[in-house]
1. Determine, yes or no, whether B:Leu404 is of a type outside the set (Ser, Thr, Tyr) and surrounded by fewer than 17 Cβ atoms within 10 Å (Cβ to Cβ).
2. Taking the options B:Asp315, B:Asp359, B:Asp339, name whichever one is modelled with pLDDT of 90 or more, in contact with a strand residue (DSSP E or B) (Cβ under 7 Å, 6 or more places away or on another chain) and surrounded by fewer than 22 Cβ atoms within 10 Å (Cβ to Cβ).
3. Taking the residues in the range A:403-434 that are buried (at least 19 other Cβ atoms within 10 Å of the Cβ) and more than 7 Å from chain B (Cβ to nearest Cβ) as candidates, determine which candidate is farthest from the chain's Cα centre (by Cα).
4. For residues in the range A:386-401 being under 22 Å from A:Asp329 (Cβ atoms) and surrounded by fewer than 24 Cβ atoms within 10 Å (Cβ to Cβ), which is farthest from the other protein chains (Cβ to nearest Cβ)?
5. With respect to B:Ile383, is the statement that it is hydrophobic (A, V, I, L, M, F, W, C), buried (at least 18 other Cβ atoms within 10 Å of the Cβ) and within 30 Å of A:Lys348 (Cβ to Cβ) true?
6. Taking only pairs six or more apart or across chains, which ones have beta-carbon atoms under 8 Å, a first residue in the range B:384-395 that is facing chain A (nearest Cβ under 7 Å), and a second residue that is basic (Lys, Arg)?
7. Hand me the list of strands (runs of 3 or more DSSP E) wholly inside the range B:235-292 holding 3 or more residues that are modelled with pLDDT of 95 or more and aliphatic (A, V, I, L, M).
8. Restricting the range A:362-402 to residues that are part of a strand (DSSP E or B) and small (Gly, Ala, Ser), which is farthest from A:Val413 (Cα to Cα)?
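The values are calculated or read from the model by the stated rules, or taken from the named source; none is laboratory data. Quick caveat, the model's predicted, so the values are computed rather than measured. Positions of Cβ are generated from backbone atoms using ideal geometry, with glycine treated the same way; all protein chains shown enter the neighbour counts.
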Amino acid sequence: MDQATQLEIDREKGNFRYETDYAFDAGVGLRPATVDYIAEVKGEAPWVREFRHKALKIFESKPMPTHWATKDLEAIDFSKIRYYLSQGQKPSRTWDEVPADIKKTFERLGIPEQERKFLAGVEAQFDSEAAYSRMKEGLSKLGVIFVGPTEGLKEHEEIFRPWFGKVIPTSDNKFSALNSAVFSGGSFIYVPKGVKVKQPLQAYFRINAENFGQFERTLIIADEGAEVTYMEGCTAPKFETATLHSAVVELVALKGAKIQYITVQNWSNNVFNLVTKRGLAHEESEIRWIDCNIGSRLTMKYPGVILKGRRARGEVLSIALANDGQHQDTGAKMIHAADETTSNIIAKSISVGQGRSTYRGLVQIPKHLKNCKNNTECDALLINANSRTDTYPAITVRGEGNSVQHEASVSKVSAEQIFYMRSRGLSEAAAMSLSVNGFINDLVREFPMEYSVELKRLIELEMEGSVG
Amino acid sequence: MSVTLAETPAPVAATSPALEAVFQAELAQAREPKWLADSRREAWTRANLDGKISESGIVVGKSDERWRFSGHKGWSLEGALRAKNKYAGKLPDIFAGGHPLDCAGKLTYADDILAAQTPVSAELARQGVIFLPLAEAIAKHPELVREHLFKHDHALGGGKFLALHQAYARAGTFLYVPDNVEVPATFFVTHWAATPGAALFPHTLIIAGANATVNFLDYFGSVNTTSEAWVAGAATIIAGSGARVFRKSVQNLNGHTLSYQDDTVICGRDSDVRNIAVHLGAQRARYESYSKLNGPGSNLELCALTIASGRQEFDQRTFQDHAAPRAKSNLLYKNALLDESRTIFAGMIRVEPGAEETDAYQQNRNLLLNPAAEADSLPGLEIQNQNVRCTHGATTSRLDPEELFYLRSRGLPKNTAYQLLVFGFFEEVIQRVENEALAELLRKLAREKFGK
């Protein structure tokens, strides 16, 4: 059979869109006036507006990081992007208040009614502004704050301001500066001392307007001994021109706290997904990123943990799947800044067709530290003859009793395995799919139930027709 | 055989008139064939592009990924590029008192000037083996030299150094072993840095014909511990079909020397090439190793041992370029770090689309023996073919306290136990040289590093 027809994947599957009326629209392009407009609409305090303006200047002064990153970044035309859109609503508290057309989109997205009831404080983000958010009675009684950034900085300034922009400074990189200038939407979460949130907090992000970039801002603070899991899932309809998504996510785990942040990213493959994610782990705390990238045209995302307190622990578990026309440039950063800190990175990538997956890592242990440990494993699986994978880790170690190990391997699906399964009556595609799911199975198991099911389904979908 | 003398040099835009004058003077004095003089002028222009060479040295781009983690001080060339005088003192014999090395031929240079020469035996000469000082080979075998000299350029970051090398390199070795000739004994070449402020550009060109066997040793050393020097060397190994080439190099320059070395290996069909490099000396040493597996079924082994002490910086960049199917490459770089030293290992395995059934391995092991030492590791993979097996591993750690405890529980004093473990770490590489005289020398040099 012809290779080209075999590789054809039905991209129309996610291609749906409903007409929406945008109550606020900052127009196309980025100018100081755009920033003023956003600040005005949101009714922000002067310090936030100033923060945005400063960020805009930094964004303009920073060059594209193309000396190490892909030249594909140059395809982004910042003057053709819409930086702010809103329904002009306050975040809704109950499902009934959510407009009917938005509900329709979510229905199509397949968030089951039961899941909505089960999962605590679901906040679904529709374009820039949270379309609806709801928190279980019990959670707010515990003192857990789960709001958008506008509300967070306005109503709970004393809680969020001290950490806002502190884990990821505006000048960290060009795209964190961009986000700092035009952010809207996202989640600000505060979990008080000793509170263990049993059910995961969840938000579905979604973009649904042509030429529209989404710049959500998330800040999660887990106070001493608190525990929280946050889930972020994405799906986007298909557009004709490239669109930009550039989020900033900051996590702060105070002494003994645990934060787990789970992402399933499935943007349509014309989206530039350039995200900065970093956690600050204090003494004996634990921050865990579970990151899964299936969609987008180009994803550049390296979740990091700054291990600031003694015995802090950081972990990144990452799965990437790159299909035709996709480049998954993902990885992890572990900055050890205290004694006896440990970190673990496990990254698995699958390249299908002409897809390209890249692992980029950074592990740093400076000289004054003792007994720090890092383990890094990255495995790549190549499905087709023209698939591509790259690995670029960077490891710096000094100090006493520190140890680092890094391993990477690249392999293909074993022909014997496929032959065996075929001899048992499975079709080649089914055998391949089974094999690929086996490759990532030990990581998928780390995901919450509903995500691992969704993930397996997504991977099967991507693998369809890739055998050749 | 016609040798055209160099024409009057065309003016080039050099940053420094003094350096320009030295270059032109040496070029005129060398009386080289036109093709070579032209190539040197071209290289000199290339080295001077963007005005980044001057007496204050070569400036390295800060945002250049290929120089990531490297110290950003310029590579000072101060006083280095000037006319050389013959060194009158005595040159050390590195194998003195130890196991003698079985030599097929010997060349000794001091400050790029030929000091001693042992030609190959009449029998080898009869078989067509050519082992000559580079300048002599250019005069006697211009066609053969022209075919391979300065033909390989890569992008590992040291382009300026390589260009400077190509403009100046006249000292060194040309070795040609014809098809089906096997030479089990070692061709042994020594380059000494002698007078203070000398600039050395040692070159090694090894051409092994089909099914030929070659053993080669390059030794770079300093005659004293005080003289500053600037060394920019390059070696090219071209292995024909089924050739077996085993090259070893030892860099033991003194702690005031800046060293740049480029090793380029081109592997032909079914060839078997081994390149082992031992790095002990210099204040700052950059080593670039580019290997191209050009022939199907070729097999390459790259191995390095670095012992860093004081404030030494060793910067190693390697590239395993798999361009042909069924080739195999295996890299092992071991670094031991004492005091406030620093090592950087940046390795890359690239598998090109047509290179199916590639089997490539890359391993970096760093042993931190002092908390103030720093090891940077950048192991990389770029794979464009799915039918491959590629892995890399990098570890950095101190000595295993349990192993130390075990040895001490058997009655060994702490220092002895420590040394046993550290030297055990080196042995993996030392044993691979498969030459008793050299292994003994390496053990002695390693001990000297610890004796300070």
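1. no
2. B:Asp359
3. A:Ala431
4. A:Asn386
5. yes
6. Close Cβ pairs satisfying both conditions: B:Gln384/A:Arg388; B:Gln384/B:Arg350; B:Gln386/A:Lys412; B:Asn387/A:Lys412; B:Val388/A:Lys412; B:Ala394/B:Arg365; B:Thr395/B:Arg365.
7. B:272-279
8. A:Ala394
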